[in-house]
2 protein chains.
Amino acid sequence: MNTAELGLPVDVPSTALFTDHYELTMLQAALEGGTAGRRSVFEVFTRRLPPGRRYGVVCGTGRVLDAVRNFRFDERQLAFLRERGVVDGATLEWLSRYRFGGDIWGYPEGEVYFPGSPVLRVEGTFAECVLLETVILSILNHDSAIAAAASRMAAAAGDRPLMEMGARRTHELAAVAASRAAYVGGFSSTSDLAAGFRYGIPTIGTSAHAFTLVHDTEREAFTAQVDSLGRGTTLLVDTYDVAEAVALAVEVAGPELGAVRIDSGDLLLVAHRVRQQLDELGAHKTRIVVTSDLDEYAIASLAAAPVDAYGVGTQLVTGSGHPTASMVYKLVARASSDGADAPLEPVAKRSGGGKRTLGGRKWAARRFDAYGVAEAEVIGTGEVPGELAGSQLLVELVRGGEVVGREPLEAARDRHAAARGALPMSATQLSRGEPVLPTEYVA
Amino acid sequence: MNTAELGLPVDVPSTALFTDHYELTMLQAALEGGTAGRRSVFEVFTRRLPPGRRYGVVCGTGRVLDAVRNFRFDERQLAFLRERGVVDGATLEWLSRYRFGGDIWGYPEGEVYFPGSPVLRVEGTFAECVLLETVILSILNHDSAIAAAASRMAAAAGDRPLMEMGARRTHELAAVAASRAAYVGGFSSTSDLAAGFRYGIPTIGTSAHAFTLVHDTEREAFTAQVDSLGRGTTLLVDTYDVAEAVALAVEVAGPELGAVRIDSGDLLLVAHRVRQQLDELGAHKTRIVVTSDLDEYAIASLAAAPVDAYGVGTQLVTGSGHPTASMVYKLVARASSDGADAPLEPVAKRSGGGKRTLGGRKWAARRFDAYGVAEAEVIGTGEVPGELAGSQLLVELVRGGEVVGREPLEAARDRHAAARGALPMSATQLSRGEPVLPTEYVA
């Protein structure tokens, strides 16, 4: 399916150029040197979580499946590579026929992960796998970083809904992926219409300060908004004086007013005052929405305030201090000759201290205690121990080039809530700490 | 021009849904209430630079012009808005005919900016201007954040070339914009093929550790690479033992070897050793490229090391600690009635301390001392003082809906180098400090 033909505003016709130049030069050298056909296993993992974070959230898997499917070189792209002299004619010919025909397994989307977790495993010939490095990492590193921040915010917000409003603070297409990741992490809705269009996420929003300011008076603005959008709308009450605006809002809309939004000031103090004022005016059901520079700490600090919903922007789309995950895509095993039957041998970089990796094709499982609480991430390269066979983490996503692991976004969102819920309680402490599960390696 | 028809991998058919839900509900209420046609002036500015930063870099202007041109609602988008009940039928009808017909002025791309600088000014009816808020801010906030980091790195690198390699650390399309912003900020090339395709930026890269590891020996890997890519290639020498790899590299490629790349370890120490070893082997012209988790501080710390080029990834695409600028899009003036001749009145939010804004349509100029060094950013709402008339900063970008300010990317890159060069010398200190120019307001 060519997504460009659908006119979708957030996809692109081909993902094949979201690729580092060196993937193609390696391909050329491997094709010429005779190693391109060696069966290979690449794994995506991170050596560490961001400092202080207690768990990671796998996100972007569904987008990876789209990206692999759309990884096709068309005539214009090949012409570009030819004109620039990126690779030779034989390699261009090979690229013109490229379709990923291998297998991909991975942690299902929304699952939590820890240092060393093999969150994605790509298997096929060296040539067909090496090309996918950049686009797979771009997606997983971005989306997982946002989902991890969203998950912490969702834990801090408890039962109160979180609205994603950060589109204006990040690249316009990163924003769409960020809305998606926020939804997986536990947000309820987004301001971003493209995210609603592309992923079906509920969209929300009513008005900004500009709307009040374009009117001659706040009364005219509120009246126009209520006339057009109904009494259930949310009125923004901090353009001039909050107390006056709240009184005016209830006067204009009546006690059926849906909500008031506060976007500046000391939210804890202001929320209490506004709640009291609304109650005195009989607007007991009018909700209070706050939206000013929130992060997970600010959300937690408002737990005792009479706030009904949070809108989060900048800190969500920038990963609350950690805008990228540090996942890498590493060759961990390969055959010494061509052919599907050639035995795999583990390989790993050996120099450079902190950048060493563990060779070999891995399985992963999560061990739980008698109460169903996770107690360890267990990773190995040999046989899976019998007692862990039922709690393995990797699932099949692509088989022989065909996507088999697609699922609705809701499934990832539900899975994340369940996975986070099964972690030890200290997982959702906001303070800095070590990963909440140890990673254990078994031979 | 419908970019989707061109098969470009990095554009999208329409930018109209990169929009917050509330822009459309405000539009509906304004259309119904009679204020939609009021002539309005919106300005983009930031209240502050990121903590410690001494100047900002305007970037994304060229992408904004594309986004405004492609801001069109097609049938599928309108159907989505209808099905979701985002706005009413009259508003959908209005949207189906939407074309921005107003004027845009702004700081030219690559120019530096300071707190309060009106980096973009959008003028037209309230309705046509309010819709553009989100997409304009997404682009400018992202691209300017990356360009600011790039500029600091370029200042630290001096004459040594910087290569952008961060695609894998950010959203796949944000990566393309990041390459573009890095180029404006002073980088020379990118690993991202899509950035080469879309913006003509030179692309670079040769091989990763996976290429060495897929071979049975490092010798076979180096031989295959040199056979295919030539002796001028860059060999990656830190997969196993660096000293052995450097000896092997020169043995295989001869002293004509283009470069060696070091991606781990203590770069300062290793670079000195590798340079000495290369020289002893007679490979005096073989260059040393370093690429491991660099930022502007690491680059500066390598100033005395025998390094010939830097590859920067994560810290570039994440803005080196500041992944977004904090630009806002605010209504600063509007008429009290319809019509192009109705006089403009300044408006501004008044509550919420730190979020107050200065009303009125602004001009901006930069004052220089007798030596041509910038000494102040001067902003005003009245007449431009005669002595500043020649150093005004805003240029015309869109006139009556037609783009008039398009320019080649090189122009923005050159402008940035000149603008940074005209700042006081303390601008390029890496230590934290205040904005290097004060912002002065004149009535």
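The values are calculated or read from the model by the stated rules, or taken from the named source; none is laboratory data. Computed from a predicted structure; not experimentally measured. Positions of Cβ are backbone-derived with ideal geometry, glycine not excepted, and every protein chain shown enters the neighbour counts. Ligands, DNA and RNA are stripped out before the accessible areas are found, and what is left, the full protein with its side chains, is counted by its heavy atoms. Shrake-Rupley method; radii C 1.70, N 1.55, O 1.52, S 1.80 Å.
Find the residue count for region B:61-79, including only residues that are open to solvent by 30 Å² or more (accessible area, probe 1.4 Å) and in contact (Cβ under 8 Å) with a residue 60 or more places away in the chain.
Result for region B:61-79: 2.
Could you check region B:173-195 and list, in sequence order, the residues that are within 7 Å of another protein chain (Cβ to nearest Cβ) and either in contact (Cβ under 8 Å) with a residue 12 or more places away in the chain or basic (K, R) (or both)?
B:L173, B:A174, B:A175, B:A177, B:S191, B:D192, B:A194
Somewhere in region A:142-161, is a residue closer than 28 Å to B:T314 by Cβ, among the β-branched types (V, I, T) and more than 8 Å from chain B (Cβ to nearest Cβ)?
Yes - at least one qualifying residue is present in region A:142-161.
Which of the residues belonging to region A:61-78 are assigned to a helix (DSSP H, G or I) and facing chain B (nearest Cβ under 10 Å)?
A:R63, A:A67, A:E75, A:R76, A:Q77
Suppose we filter region A:393-424 for residues that are without any contact (Cβ under 8 Å) to a residue 40 or more places away in the chain, of a type in the set (D, E, K, R) and either outside any strand (DSSP E or B) or open to solvent by less than 50 Å² (accessible area, probe 1.4 Å) (or both); how many remain?
So the answer is 1.
When you look at A:R82, is it within 13 Å of chain B (Cβ to nearest Cβ), surrounded by fewer than 20 Cβ atoms within 10 Å (Cβ to Cβ) and either assigned to a helix (DSSP H, G or I) or touching a Gly at 6+ places or on another chain (Cβ under 9 Å) (or both), yes or no?
Yes.
Does B:T134 satisfy the condition of being surrounded by 24 or more Cβ atoms within 10 Å (Cβ to Cβ), at the interface with chain A (Cβ under 10 Å from one of its Cβ atoms) and closer than 30 Å to B:A335 by Cβ?
It is true that B:T134 is surrounded by 24 or more Cβ atoms within 10 Å (Cβ to Cβ), at the interface with chain A (Cβ under 10 Å from one of its Cβ atoms) and closer than 30 Å to B:A335 by Cβ.
Checking the condition touching a Pro at 6+ places or on another chain (Cβ under 7 Å) and within 13 Å of B:A157 (Cα to Cα), which residue from B:A309, B:A300 passes?
Being touching a Pro at 6+ places or on another chain (Cβ under 7 Å) and within 13 Å of B:A157 (Cα to Cα) holds for just one of B:A309, B:A300, which is B:A309.
Can you tell me which condition A:G339 does not meet? The list is (1) at negative phi; (2) small (G, A, S); (3) more than 25 Å from the chain's Cα centre (by Cα), and all the others hold.
(1)
Check B:G106, B:G116, B:G60 and return the single one that is of a type in the set (G, A, S) and under 30 Å from A:E218 (Cβ atoms).
B:G116
Quick check, is B:D143 within 25 Å of A:G200 (Cβ to Cβ) and in contact (Cβ under 8 Å) with a residue 60 or more places away in the chain?
It is false that B:D143 is within 25 Å of A:G200 (Cβ to Cβ) and in contact (Cβ under 8 Å) with a residue 60 or more places away in the chain.
Which one is nearest to the other protein chains (Cβ to nearest Cβ), of the residues in region A:220-237 that are in a loop (DSSP other than H, G, I, E, B) and either open to solvent by 20 Å² or more (accessible area, probe 1.4 Å) or at pLDDT below 95 (or both)?
Among them, the one singled out is A:G230.
State the number of residues belonging to region A:249-259 that are more than 19 Å from B:A30 (Cα to Cα) and either among the polar types (S, T, N, Q) or open to solvent by less than 30 Å² (accessible area, probe 1.4 Å) (or both).
Number of matching residues: 5.
Scan region A:198-210 and give yes if some residue there is closer than 15 Å to A:D143 by Cα and not in a helix (DSSP H, G or I), otherwise no.
So far as region A:198-210 goes, no, none of its residues is closer than 15 Å to A:D143 by Cα and not in a helix (DSSP H, G or I).
Regarding B:R169, is this residue buried (at least 24 other Cβ atoms within 10 Å of the Cβ), over 23 Å from B:A427 (Cα atoms) and basic (K, R)?
Spelling it out, B:R169 is indeed buried (at least 24 other Cβ atoms within 10 Å of the Cβ), over 23 Å from B:A427 (Cα atoms) and basic (K, R).
Anything in region A:98-115 that is in contact with an Asp or Glu (Cβ under 7 Å, 6 or more places away or on another chain) and open to solvent by 10 Å² or more (accessible area, probe 1.4 Å)? List them, or say none.
Those that are in contact with an Asp or Glu (Cβ under 7 Å, 6 or more places away or on another chain) and open to solvent by 10 Å² or more (accessible area, probe 1.4 Å): A:F100, A:G101, A:D103, A:W105.
A:D266 versus (1) closer than 28 Å to A:R152 by Cα; (2) crowded, with 17+ Cβ neighbours inside 10 Å: which is the lone unmet condition?
Of the numbered conditions (1) closer than 28 Å to A:R152 by Cα; (2) crowded, with 17+ Cβ neighbours inside 10 Å, the odd one out for A:D266 is (2).
Name the residues in region A:91-130 that are farther than 12 Å from A:E396 by Cα and aromatic (F, W, Y), would you?
A:W94, A:Y98, A:F100, A:Y113, A:F114, A:F126
Need at least 2 residues that are within 14 Å of another protein chain (Cβ to nearest Cβ), at pLDDT 95 or above and open to solvent by less than 20 Å² (accessible area, probe 1.4 Å) per element, so show me which strands (runs of 3 or more DSSP E) inside region B:290-386 make the cut, counting only ones lying wholly within it.
Per the criteria, B:309-312, B:327-338.
Go through (1) buried (at least 24 other Cβ atoms within 10 Å of the Cβ); (2) among the β-branched types (V, I, T); (3) without any contact (Cβ under 8 Å) to a residue 12 or more places away in the chain for B:T217 and report which single condition fails.
Exception for B:T217: condition (1).
Where residues in region B:196-214 are of a type in the set (F, W, Y) and facing chain A (nearest Cβ under 7 Å), which of them is most open to solvent (accessible area, probe 1.4 Å)?
Within region B:196-214, the match that is most open to solvent (accessible area, probe 1.4 Å) is B:F197.
Which residues, taken from region B:110-131, are under 19 Å from the mean Cα position of the chain (by Cα) and either closer than 29 Å to B:L95 by Cβ or within 12 Å of another protein chain (Cβ to nearest Cβ) (or both)?
B:P118, B:V119, B:L120, B:R121
Determine which member of the set A:V44, A:V58 is within 26 Å of A:S151 (Cβ to Cβ), within 12 Å of chain B (Cβ to nearest Cβ), open to solvent by less than 10 Å² (accessible area, probe 1.4 Å) and among the β-branched types (V, I, T).
A:V44
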